[in-house]
Amino acid sequence: MNLHEYQGKEILASFGVRIQRGIVAHNAKEAVDAAKQLTAETGTGWHVIKAQVHAGGRGKGGGVKLAKNLKEVEEIAGQIIGMNLITPQTSAEGKKVHQVLVAEDVYYPGASETNEFYMSVLLNRGTGRNMIMYSTEGGMDIEEVAESTPHLIFTEEIDPATGLLPFQARKIAFNLGLSGTAFKEMTKFVASLYKAYVESDSSMFEINPVLKTSDDKIMAVDAKVSIDDNALYRRKQYAEMRDLREENGIEVEAGALGLNYVDLDGNVGCMVNGAGLAMATMDLIKQAGGEPANFLDVGGTADAARVEAAFKIILKDPAVKAILINIFGGIVRCDRVAQGVIDAYKNMGTINVPIIVRLQGTNADLAKELIDNSGLDVQSAVQFQEAADKVKAVLS
Ligand code: GDP
Ligand code: MN
């Protein structure tokens, strides 16, 4: 589950990670009030107005702007709230901005230069260990850094038995070229950041930039935080932070029905049981010259009610030109699934796209007979290849 920047920062701060402070505003007036309050609390003269949407690269899209007085705060907040923000990480339509974070300006001049770093905490799936990735090249596109100057990205793996050790935090501060106060600040920053990652059950932290201020403080200016969905049951306070407006509408609906659905760009809807078979089915569709419109695992109990719910979800995507149902009858018998498909079809009245059903496993013959004799516009297939050929035929 992804969070907004302001929510991520709230979590970081609760673990003692220093952050650029800010207050959320939903309209221009609230933004001005927030700016006044921040000035009173932090002494900041300027403010940064930051669009709160689930997408990075907001600065590039005009979603992060500096305001030098209250009039500018009002103008910029008024302009950003309600806009459709298009960034390199959103779709072409962009994302509607419902709220902004009014933040203190932390790039103030002082005794030393400001410096932007990159830091993320994530799981290395290869070794099964958490790692901290960091770079001197912060503030910019990290993918670009990885591409052109990979030697400027460092990683530090953490042994789960010992946790992050003090020498590792010092190594990171050293590799980032820090000394004196900033060095000490960075070791504290890294230690509290790692603690926050582990204790919040996160699956990813990305702090870009981590800023060294001109008076040698180290703080998170941005925060991209993802909480592990499987841990939300025991992290209720984070589960409540979910903003459904930021998520794919069809995926949210499917999730509520207990269906494992991921929206994709193609034209062939898939209804499958089991994630492995679902992936094989998507490959098959590609080989047949189609593109999968979705990943959908209906799970073990593919009864009429679930099949109907799955049909409805798949058909919400207007790009769907055909539906391929590929179910393996192991514990669930194929004839029962076939009856489920027929009942669901009848309940729905008309379905305006061709449907190809491949049922394999227990009672597959009976299932084919049921489909073929149903009088409905549903084609049956027994072999995988046969199903692919039929998909190809209906697409051309
Ligand atoms: P992103 O573009 O979505 O990654 O949003 P960020 O939160 O990273 O902000 C984008 C950029 O805005 C940062 O890289 C900074 O260069 C700039 N920025 C953020 N906060 C401040 C600030 O307090 N003062 C100034 N002058 N610039 C800031
Ligand atoms: Mn950023």
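The values are calculated or read from the model by the stated rules, or taken from the named source; none is laboratory data. Remember, it's a predicted structure, so these values are computed and weren't measured experimentally. Heads up, the Cβs are rebuilt from the backbone with ideal geometry, glycines too, and the neighbour counts pull from every protein chain shown.
Per-structure values
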{"quantity": "Residues (acidic (Asp, Glu) and touching a strand residue (DSSP E or B) at 6+ places or on another chain (Cβ under 9 Å)) located in the stretch 188-205", "calculated": "Asp201"}
{"quantity": "Pairs with Cβ under 9 Å, 6+ apart, first in the stretch 95-113 and within 17 Å of Val48 (Cα to Cα) and among the small types (Gly, Ala, Ser), second within 16 Å of ligand 2 (Cβ to nearest atom) and part of a loop (DSSP other than H, G, I, E, B)", "calculated": "Ala103/Gln20; Ala103/Val221"}
{"quantity": "Criterion: without any contact (Cβ under 8 Å) to a residue 60 or more places away in the chain and crowded, with 20+ Cβ neighbours inside 10 Å - qualifying residue of Val268, Val320, Val262, Val337", "calculated": "Val337"}
{"quantity": "Boolean, Ala310 is at pLDDT 85 or above, surrounded by fewer than 18 Cβ atoms within 10 Å (Cβ to Cβ) and not aromatic (Phe, Trp, Tyr)", "calculated": "no"}
{"quantity": "Enumeration of residues in the stretch 214-241 that are closer than 24 Å to Gly110 by Cα and either away from ligand 1 (no atom under 16 Å from the Cβ) or in contact with a helix residue (DSSP H, G or I) (Cβ under 9 Å, 6 or more places away or on another chain) (or both)", "calculated": "Asp215, Asp216, Lys217, Ile218, Met219, Ala220, Asp222"}
{"quantity": "Failed item in (1) within 16 Å of ligand 2 (Cβ to nearest atom); (2) modelled with pLDDT of 95 or more; (3) in contact with a Gly (Cβ under 7 Å, 6 or more places away or on another chain), with Val64 passing the rest", "calculated": "(3)"}
{"quantity": "Cβ-Cβ under 8 Å pairs, at least 6 apart or on other chains, the stretch 40-56 side more than 30 Å from Glu93 (Cβ to Cβ), far side of a type outside the set (Gly, Ala, Ser) and part of a helix (DSSP H, G or I)", "calculated": "Thr44/Leu38; Gly45/Thr39"}
{"quantity": "Some residue of the stretch 5-12 being away from ligand 1 (no atom under 13 Å from the Cβ), in contact (Cβ under 8 Å) with a residue 40 or more places away in the chain, closer than 17 Å to Asn208 by Cα and of a type in the set (Lys, Arg)", "calculated": "no"}
{"quantity": "Residue list for the stretch 95-144, restricted to those being more than 30 Å from His26 (Cβ to Cβ), polar (S, T, N, Q) and away from ligand 2 (no atom under 16 Å from the Cβ)", "calculated": "Ser112, Asn124, Thr127, Asn130"}
{"quantity": "Residue ID - farthest from ligand 2 (Cβ to nearest atom), chosen from residues in the stretch 145-176 that are among the hydrophobic types (A, V, I, L, M, F, W, C) and in a loop (DSSP other than H, G, I, E, B)", "calculated": "Ala161"}
